[in-house]
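**Q** I'd like to ask you about the structure that follows.
Bear in mind that the values in this text are calculations on the coordinates, not laboratory data. This structure is a prediction, so every number in the text was calculated from the model and none was measured. Every residue, glycine as well, gets a Cβ built from its backbone with ideal geometry; the counts of neighbours run over all protein chains shown.
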Amino acid sequence: MQPLRGTKDILPNDIHIWQRIYNISYNLLKNYGYEEIRTPLLERTELFERCIGNFTDIVNKEMYTFTDQNNRSITLRPEGTSSIARSIISNKIYSNNKMHRVWYMGPMFRYERPQKGRQRQFHQLGLECIGSSASIADIEVIKIANQILQTLNCINNCQLEINSIGNIQERTIYTEKLVQYLEKYEQELDEDSKQRINKNPLRILDSKNIKTQEILNSGPILRNYLDTKSLRHFDEVCDGLQYLNIDYKINDFLVRGLDYYNYTAFEIKTKENNQQNTICGGGRYDSLIKQIGGPQIPAVGWAIGIERLLILLKETQYLIENNKQIYIAIDNIENQNVIWNVIDVLEKYKLNFELDITSNKVSKKIKKAHQIGSKICLILYQNNMKENYIKIKWLKTEIEQKIRIENIREYLKYIKKIL
Ligand code: ATP
Ligand code: MG
C-alpha cells in the first residue's frame, strides 16, 4: 500500500526539525504579540472562490472539492488566509482600531503535479497582521519572516524579493496596457501565457519561460502606473527594510498568485534556480475581509511552505539530533524494580532515555547505543547489582565507571548538568 500521490508521512526522523521550526516560530511570534489560531481544514468552497478569485490557478484547477451528504460543496483548504478572514468575521473578533496578530501552522491541500517541493498535502506556517494599513505593519511581518529564517540559520541561502502591485484601479489601467502590449507578441508567448492573456494577464509576469520573459522585459512596468500614495507606501517599506539591514531585491515582475493582494507583494526564495524555490510568499490584502462580507479591515501577512523550508535546511545543514541521551542496557537481572528506580531519576532530571528490552546480549545493546548516538549507556548486570553498583559507559570515550546504587541520584543530577 502506498500513500496517496502527493502526500507523505512525516517520519520520526524529521519530526524534530518540524518541532524546532514550530518552537522557534512559537517563541518569536509570542515575543511580537502574535497568537496562534487553528481554523478547520474544511470550508465552504464559496469562501475560496470569493477570496482567492476564480481565475487563479488555485481555484481554477487545484482545489480538493467534494459534495457532502447534504449536497454542500466543501473544499479542503488550499491556503490559510481565506479561513482566517472568515474566522475574523464569523467570530466577530473585529472591533474599531484593534489589531489582531495571528499565526498558524498546518496542512493545506492543492491538486498539483507532485514533484520536489510540491505536494498535494503540504504545510504552511503563516501569519496575518490584521488592522493596520501602515507600512510599518508590512515591515514588521517581513522582519519576522526574516528573523525565523535567521534563527534557523538559513537566511544566507535566501533572497527577499519585493514589489508593489498598487491598488485595483492602478492595476486595472496597467493590465490594459500590458494586454495591449502582449497581444502584439501573442504567437511568441508560451502556451500558459497565451491562455492567461484573457483570463489573468498579470500572472503572465510570473512566467518562467525565457522567451516570454524577454518580451516582458521590454513591456510596460507596473510600478510606472502607481500613483503617489502607492509609491510612498512602497518607499516606506523599502526604507524600513534598509534600516533593519534586511537585504532585498526589487522584482518588477513579482505578482502573487492570489487575487486579493494590493500594494506590497514579496517572496523569499532560495538561491537555487528551480521552479520550487519560493519558500515564503506574502503581501498586503486590504480589501479581502470586506470582500467576504466583513468590515473594511486592512491586513498584511505571509506563508512559508514547510516542506520547501525543510529541503533547504536538510541540504544546507547537519541536522541529526538524537534525543535519547541515555541508553539502558540490562542483562538478565532478577529484581527488575531497580530499573524503575533508575527511570524515576531519569524522569526527574528530564534525561531522555531508551530502555532496551530486547533479548540481545549487552555488547549488542551497547553497539545500538553507539548507533543511535546516545551519550551514555547505563549497564545493569545481575552480578554488579549484587555488589550494589551499576556500570556507566561514556560512549564517546569508552570510559566505564562504577556507580553505587545509592549514589545514582546524585550522579545523574551531575550528568544532567554536563550533558
Ligand atoms: P508556487 O508558485 O510554487 O506554486 P504559490 O504562489 O502557489 O507557489 P503560495 O500560495 O504563495 O504559493 O503559498 C506560499 C508558500 O507555500 C509557497 O511559497 C510554497 O513555499 C508553499 N507551497 C505552495 N504550494 C505548495 C505545494 N503544492 N507543495 C508544497 N509547498 C507549497
Ligand atoms: Mg502554486
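**Q** When the Cα centres of segment 373-419 and segment 157-187 are compared, how far apart do they sit, in Å?
**A** 68 Å
**Q** Let me ask something else about it. Take the Cβ-Cβ distance between residue 213 and residue 348 as r, set R0 to 56 Å, and report the resulting FRET efficiency rounded to the nearest 0.05. Could you put the intermediate results ahead of the total?
**A** Working: r = 62 Å, r/R0 = 1.11.
Approximately 0.35, to the nearest 0.05.
**Q** Here is a follow-up. State the Kirkwood hydrodynamic radius of the chain in Å, one decimal place, computed from all pairs of distinct Cα atoms.
**A** Final number for the Kirkwood radius of the chain is 24.9 Å.
**Q** Here is a further query. Any chance you could run the full-extension gain for residue 172 through residue 409? It's 0.36 nm times the residue separation minus the Cα-Cα distance, nm to one decimal.
**A** Taking residue 172 through residue 409 to full extension adds about 78.0 nm, to one decimal.
**Q** Which links in 92/229; 98/249; 8/194; 368/417 stretch past 27 Å when you go from one Cα to the other?
**A** 92/229; 98/249; 8/194
**Q** Another one. Once you mark the GluC sites (Glu not before Pro) that are in a DSSP loop and have at most 16 other Cβ atoms within 10 Å, what is the longest gap between them in the chain?
**A** Numbers: sites that count: 112, 272, 321, 334, 387, 398.
Segment 113-271 is the longest.
**Q** So, one more: Cut-off 10 angstrom, C-alpha nodes, Gaussian network model of the chain. Which of 134, 265, 85 fluctuates the most?
**A** Most flexible of the set in this elastic network: 134.
**Q** Please give every one of the aspartates and glutamates within straight-line cross-link reach of residue 350, meaning a C-alpha to C-alpha distance under 15 Å, and leave out same-chain neighbours fewer than 8 residues apart.
**A** The reachable aspartates and glutamates, counting only those whose Cα sits under 15 Å from residue 350, are 410.
**Q** Select from 6, 173, 131 the residue farthest towards the positive end of the dipole of the chain; place +1 on Cβ of Lys and Arg, -1 on Cβ of Asp and Glu, and compute about the Cα centre.
**A** Toward the positive end, the furthest listed residue is 6.
**Q** Between residue 271 and residue 387, with labels modelled 7 Å along Cα→Cβ, what's the label distance in nm to one decimal, could you check?
**A** Rounded to a tenth, the inter-label distance reads 5.9 nm.
**Q** Okay, next question. May I ask you to derive the relative contact order of segment 103-226, considering only C-alpha pairs under 8 Å and at least 6 residues apart, and to give it as an integer percent?
**A** 18 percent
**Q** Where the centre of each part is set by its Cα atoms, how far does segment 247-292 sit from segment 106-131, in angstrom?
**A** 14 Å
**Q** Report the FRET efficiency, 1/(1 + (r/R0)^6), for residue 236 and residue 74, where r is their Cβ-Cβ distance and R0 is 45 Å, rounded to 0.05.
**A** 0.65
**Q** In addition: Could you size up the charge dipole of the chain around its Cα centre, putting +1 on the beta carbon of Lys and Arg and -1 on that of Asp and Glu, and report it in debye to the nearest 20?
**A** Dipole magnitude for the chain comes out near 1380 debye.
**Q** Just to be sure I understand: of the beta bridges DSSP finds with both ends in segment 294-382, what percent are antiparallel, rounded to 5?
**A** Here the antiparallel bridges make up roughly 0 percent for segment 294-382.
**Q** Between residue 44 and residue 23, what FRET efficiency comes out of the Förster formula 1/(1 + (r/R0)^6) with R0 = 51 Å and r the beta carbon distance, rounded to 0.05?
**A** 0.95
**Q** Report the gain in length on full extension from residue 92 to residue 184: 0.36 nm times residue separation, minus Cα-Cα distance, nm rounded to one decimal.
**A** Between residue 92 and residue 184, full extension yields 28.2 nm more.
**Q** I want to check the label-to-label distance for residue 66 and residue 13. Put each point 7 Å from Cα in the C-beta direction and report it in nm to one decimal.
**A** 3.1 nm
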